Amino acid sequence: MSLADRIIARVTRRPADFVIGGPERPYLLRWWLVPRNPICNVYLHCFLRSDDDRAHHSHPWLFNFSTLLRGEYTEHVIERGGLLQRSIRKLGDIKFRWGAAPHRIELHAGHCWTLFVTGPRGRQWGFYCMERGWIHW
């Protein structure tokens, strides 16, 4: 059994600490691996479905990074000047992001599991819409 499989098996013995998307149509399950705090948080994420393709989102933390533990997805990123960039993320990939970096996740087949680490909060959650720019969630 891989280290990722051991982490997932151990942490998921208890229910998720937070469900994003609501119980009717959950998008992401989140487990807190360290007590939540204002400096640095570590989460185990299970993506159950792809992001909505109508808008890219940004995170509220100054920075974050994730490591893909299981599954595969395409990350769609808006670069400076509005250029769209696509990158396939595979097992073991590590991705660093600044908080304001707009992106969305498209799952390939089945659920994806990531280890997700955040820095301190620096802004609100939001979405980037082509016509209206950044909008608070």
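Quick notes
- Taken over region 71-118, the residue count meeting the criterion of being of a type in the set (D, E, K, R), within 25 Å of residue 35 (Cα to Cα) and modelled with pLDDT under 95 is 1.
- Residue satisfying condition, being open to solvent by 60 Å² or more (accessible area, probe 1.4 Å), in contact with a Phe, Trp or Tyr (Cβ under 8 Å, 6 or more places away or on another chain) and basic (Lys, Arg), within set 36, 14, 30: 14
- Selection within region 39-62 - among the aliphatic types (A, V, I, L, M), open to solvent by 10 Å² or more (accessible area, probe 1.4 Å) and assigned to a strand (DSSP E or B): 42
- The single residue among 116, 96, 65, 127 that is in a strand (DSSP E or B), among the aromatic types (Phe, Trp, Tyr), open to solvent by less than 50 Å² (accessible area, probe 1.4 Å) and at negative phi turns out to be 116.
- Residues in region 68-90 that are of a type in the set (A, V, I, L, M), free of Cβ contacts under 8 Å to residues at least 24 places away in the same chain and part of a strand (DSSP E or B): 84, 88.
- Among the conditions (1) within 21 Å of residue 134 (Cβ to Cβ); (2) surrounded by fewer than 18 Cβ atoms within 10 Å (Cβ to Cβ); (3) out of contact with any Gly (no Cβ under 6 Å at 6 or more places or on another chain), the only one that residue 104 does not satisfy is (2).
The values are calculated or read from the model by the stated rules, or taken from the named source; none is laboratory data. Every value quoted in this text rests on a predicted model; they were computed, and no experiment measured them. Cβ coordinates were reconstructed from backbone atoms using ideal geometry, including for glycine residues, and neighbour counts include every protein chain displayed. Areas reflect the complete protein model, heavy atoms only, side chains present, ligands, DNA and RNA absent. Shrake-Rupley method; radii C 1.70, N 1.55, O 1.52, S 1.80 Å.
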